[in-house]
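Remarks on the structure that follows.
The values are calculated or read from the model by the stated rules, or taken from the named source; none is laboratory data. Note that the coordinates shown come from a computational prediction; the quantities given were computed from them, not determined experimentally. Please note: Cβ atoms are built from the backbone with ideal geometry, for glycine as well, and neighbour counts cover all protein chains shown. Each accessible area value is taken on the protein alone, full model and side chains, heavy atoms only, with ligands, DNA and RNA left out. Shrake-Rupley method; radii C 1.70, N 1.55, O 1.52, S 1.80 Å.
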Amino acid sequence: MKKNIFFALFSAMLLLTACQQHEIDSPADLGDGFTLVGHTGAQTKTAFDTPDGNTIPFLWSEGDKIWSNGAQSDPASLSNDGATALFSFTSGSMADQVYYNMTGASATDAHVKSEQTIGNLGDNGDFGYATVNEGSFTLNHATAYLWFNVTSDVENAILESINIDAYEANISGEATWNGSSFENLTEASNSVTLTVGEKLSSNNENVWAMVIFPSALTGAKVTYKLTVDGQTKYFEQELTAAK
């Protein structure tokens, strides 16, 4: 959906499936600990790269950690500009299940924030899980994403924030992953605000994402807050079903 308001072009694209993947090599032998090697593909998380057609590349982010046997790894060691990451555990052993969860107090307690900032999706509540098979696994993402490509021909337009009002759908809060879905949602909210604070250009490199719990969002209201030459402007649009 596109709108041409105040000589600015805005578009919001909805991505509600959670199918991004990580491929993990067999762990190296570190005595009492172990290391997992994470590789990214065209549609892997946790930070956005420049879009390529209809594909959104994802990369590992500084500070990423994964969970195994109730313990978090050391922060990821990145290489290849984030296409590869090493996750080291100084003790313990691999469990059958591995989790990516940067905001929960434990491996399966997810916290999708109602106030988010651009950057690492894990800091906003991105949640993934996988079954280990002979030391390797492919990460499945249980959370979903609402991503935006916002452009403007106005020279001094700064996108301050994006807010989504999902009406009766709860898209943020704290919940527990039961192996197939989220349950026991608390601190639930139907609104998420993503703080951006970046100058807009007229090309398609302005791409940001919110993390949300999977929800039907057709008809949800999106509000863009901008400043143009010191003046605050608000623009709204209604989400339509993805085609």
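A single member of Thr108, Thr143, Thr90, Thr131 is more than 12 Å from the chain's Cα centre (by Cα) and crowded, with 17+ Cβ neighbours inside 10 Å, and it is Thr108. One residue is enough: does the range 224-236 have a residue meeting the conditions modelled with pLDDT under 90, in contact with a Leu (Cβ under 9 Å, 6 or more places away or on another chain), open to solvent by 40 Å² or more (accessible area, probe 1.4 Å) and not charged (D, E, K, R)? No, because not a single residue in the range 224-236 is modelled with pLDDT under 90, in contact with a Leu (Cβ under 9 Å, 6 or more places away or on another chain), open to solvent by 40 Å² or more (accessible area, probe 1.4 Å) and not charged (D, E, K, R).
Answer yes or no: is there a residue in the range 98-105 that is farther than 27 Å from Ser181 by Cα and surrounded by fewer than 15 Cβ atoms within 10 Å (Cβ to Cβ). No, every residue in the range 98-105 fails to be farther than 27 Å from Ser181 by Cα and surrounded by fewer than 15 Cβ atoms within 10 Å (Cβ to Cβ). The residues of the range 50-75 that are at pLDDT below 85 and assigned to a loop (DSSP other than H, G, I, E, B), listed by number, are Thr50, Pro51, Gly53, Asn54, Ile56, Pro57, Trp60.
Of all residues in the range 198-213, those satisfying the criterion of being open to solvent by 70 Å² or more (accessible area, probe 1.4 Å) and assigned to a loop (DSSP other than H, G, I, E, B) are Ser202, Asn204, Glu205. Gly219 falls short of the stated requirement of being in contact with a Leu (Cβ under 8 Å, 6 or more places away or on another chain), surrounded by fewer than 16 Cβ atoms within 10 Å (Cβ to Cβ) and closer than 26 Å to Gly63 by Cα.
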